[in-house]
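So the structure is just underneath, and the comments pick up after that.
The values are calculated or read from the model by the stated rules, or taken from the named source; none is laboratory data. Fair warning: this is a prediction, and the values are worked out from it, not measured in the lab. With ideal geometry, Cβ positions are generated from the backbone for all residues, glycine too; neighbour counts draw on all protein chains shown. Each accessible area value is taken on the protein alone, full model and side chains, heavy atoms only, with ligands, DNA and RNA left out. Shrake-Rupley method; radii C 1.70, N 1.55, O 1.52, S 1.80 Å.
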Amino acid sequence: MYILGIDTSCDDTSAAVVTDDLTIKSNIVSSQHEIHGKFGGVVPELASRRHLENIIPVIDHALRTADVSIDEIDLIAVTRGPGLVGSLVVGVSAAKAICEARGIPIIGVNHIEGHITSSLMTEHPLEFPFVCLVVSGGHTNLYLAESTGTYRLVGRTRDDAAGEAFDKVAKLLNLGYPGGRPIEEKAREYTGETLSFPRAYLEKDSFDFSFSGVKTAVRNYIKKKARISDIDVARIAHGFQEAVVEVLVDKTIRLAEEHGVDAVTLTGGVAANGRLREEMEKQAVRNGMRVVAPPIKLCTDNAAMIAAVGVLRRAEAKEHDLFMNAISRWKL
C-alpha cells in the first residue's frame, strides 16, 4: 500500500508517501520561517495564505520523489487538528478534493498522535506501553501510550508550551525565530557557572508543566542589566535551557517510574534539542530505562508521521468523506 500523508497544522506545508510497513518513500516539508521570522512568531493569516500557494506543489513533489503516481495511492491521511484552523482547512480541503476526484479513501488524523507514532518509525522502535513526552511550540504533554489509539494524558502545560518559551526568550535575546536552535547554540558556547532560573514543579506529584515563570524571570533579569553582552546572552541562554530541560526530564522519568514502564520517547520540535536528548538518555540509563527519539526530521512537523497513523488506523478510512472538517482544538 501507498499512503499519502498531508500536514498543514501550523506553518509548515508537508506531504509524504509512506508504505504499509512504515517505509518512508518521501517526506517533503516547505517551511515558512522567512515569512514569520520578522514577527517573532507565526502569523495565522499569513500561514494559511502560504499553505494555499504551497499545498499542490508540495504534494506533487512528494509523489515525484517517491516515484509514485496519484493513481497508485491507496489511502490519504490528513491532519485534521489540533492546530491553526486556517492552516488546517487548506490541508483538509486538498485531501478531500483528491479523495472525491480519485475515489481514494481518506482518514483525518490527530497531529499529536502523529508525533507519538513517529517514535515507531525508528531503527529500533518502541513497543507498548511507553511514556511519551510531546514537546513543541504548541504542545508540552506527557502521555502514557498503552496501545495504538490508547493514550492517557497525564501531564500538560498550564501556560506556555516549552517551544513557545524558547521562541519568546530568543526574541528577548534578539536571536531570531524560531528560537530553539539559536538558544541551543548560544548555550553550548557558555562554559561558566550556570545562571539559576526558577523551576516550576507545581503541586506535589503533579506532572503538569509551567514555563511562563522562567520566561518572566529571564525578562526581569535582562531589564536589570544596563547592557547585554555576547557573554550575557550565552549565559542567559544556557541557564534558561537548563531550567526547561531539567523539569521536562524529571517529570518524564518520574512518570515512567510510577507506572513501571521501562521505555520513554520524546517527540515534537523541541525533541530536536541536543541537550534535552542528552539529559533524557542520561537519566533513563541511570534508572534502567530505554530512550527512543525519532530522527530530527521526524521530530518537527511532517507528513510522514501523519501517513504512519493512517497505516495503523486504515480500517477507519472512508470514501468520499466530504463532511470531515478541521478541528483546531482536538483532544487526543
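Residues of region 189-210 that are more than 19 Å from Val135 (Cβ to Cβ) and either at pLDDT 95 or above or not in a loop (DSSP other than H, G, I, E, B) (or both): Glu189 alone.
Annotation: of all residues in region 118-169 being out of contact with any strand residue (DSSP E or B) (no Cβ under 8 Å at 6 or more places or on another chain) and free of Cβ contacts under 8 Å to residues at least 24 places away in the same chain, the one that is nearest to Phe211 (Cα to Cα) is Thr150.
With respect to His51, is the statement that it is surrounded by fewer than 21 Cβ atoms within 10 Å (Cβ to Cβ) and in a helix (DSSP H, G or I) true?
On the way: surrounded by fewer than 21 Cβ atoms within 10 Å (Cβ to Cβ): no; in a helix (DSSP H, G or I): yes.
In short, no.
Here Phe323 meets each of (1) open to solvent by 30 Å² or more (accessible area, probe 1.4 Å); (2) closer than 30 Å to Asp167 by Cα; (3) assigned to a loop (DSSP other than H, G, I, E, B); (4) not aliphatic (A, V, I, L, M) with one exception, condition (2). With respect to the stated conditions, Thr79 fails to be surrounded by fewer than 18 Cβ atoms within 10 Å (Cβ to Cβ) and among the hydroxyl-bearing types (Ser, Thr, Tyr).
Residues Ala315, Ala304: which one is farther than 17 Å from Leu142 by Cα and in contact with a Ser or Thr (Cβ under 9 Å, 6 or more places away or on another chain)? It would help to see each step written out before you state the result.
On the way: Ala315 fails: in contact with a Ser or Thr (Cβ under 9 Å, 6 or more places away or on another chain).
Within the list Ala315, Ala304, the selection yields Ala304.
Only residues that are in contact with a Pro (Cβ under 7 Å, 6 or more places away or on another chain) and crowded, with 23+ Cβ neighbours inside 10 Å were counted across region 244-292, and they come to 1. Residue check: is Glu146 assigned to a loop (DSSP other than H, G, I, E, B) and acidic (Asp, Glu)? So Glu146 fails the test. Among the conditions (1) among the small types (Gly, Ala, Ser); (2) farther than 26 Å from Glu203 by Cβ; (3) in contact with a Ser or Thr (Cβ under 8 Å, 6 or more places away or on another chain), the only one that Gly163 does not satisfy is (2). Applying the criterion of being closer than 24 Å to Arg156 by Cα and assigned to a helix (DSSP H, G or I) to the residues of region 211-220, the residue that is most open to solvent (accessible area, probe 1.4 Å) is Arg219. Could you tell me whether any residue of region 86-93 is in contact with a strand residue (DSSP E or B) (Cβ under 9 Å, 6 or more places away or on another chain), open to solvent by 10 Å² or more (accessible area, probe 1.4 Å) and modelled with pLDDT of 95 or more? Looking for residues that are in contact with a strand residue (DSSP E or B) (Cβ under 9 Å, 6 or more places away or on another chain), open to solvent by 10 Å² or more (accessible area, probe 1.4 Å) and modelled with pLDDT of 95 or more, one finds at least one in region 86-93, hence yes.
Looking at Arg314, Arg329, Arg286, which is the one that is over 16 Å from the mean Cα position of the chain (by Cα) and touching a residue at least 40 places away in the same chain (Cβ under 8 Å)? Outline the logic, then answer.
Working: Arg329 fails: over 16 Å from the mean Cα position of the chain (by Cα); Arg286 fails: touching a residue at least 40 places away in the same chain (Cβ under 8 Å).
Of the residues listed, the single one that is over 16 Å from the mean Cα position of the chain (by Cα) and touching a residue at least 40 places away in the same chain (Cβ under 8 Å) is Arg314.
Can you tell me which residues in region 183-210 are more than 23 Å from the chain's Cα centre (by Cα) and open to solvent by less than 30 Å² (accessible area, probe 1.4 Å)? Before the answer, list the steps.
Initial filter on region 183-210 (more than 23 Å from the chain's Cα centre (by Cα)): 189-198, 202-205.
The answer is Leu195, Phe197.
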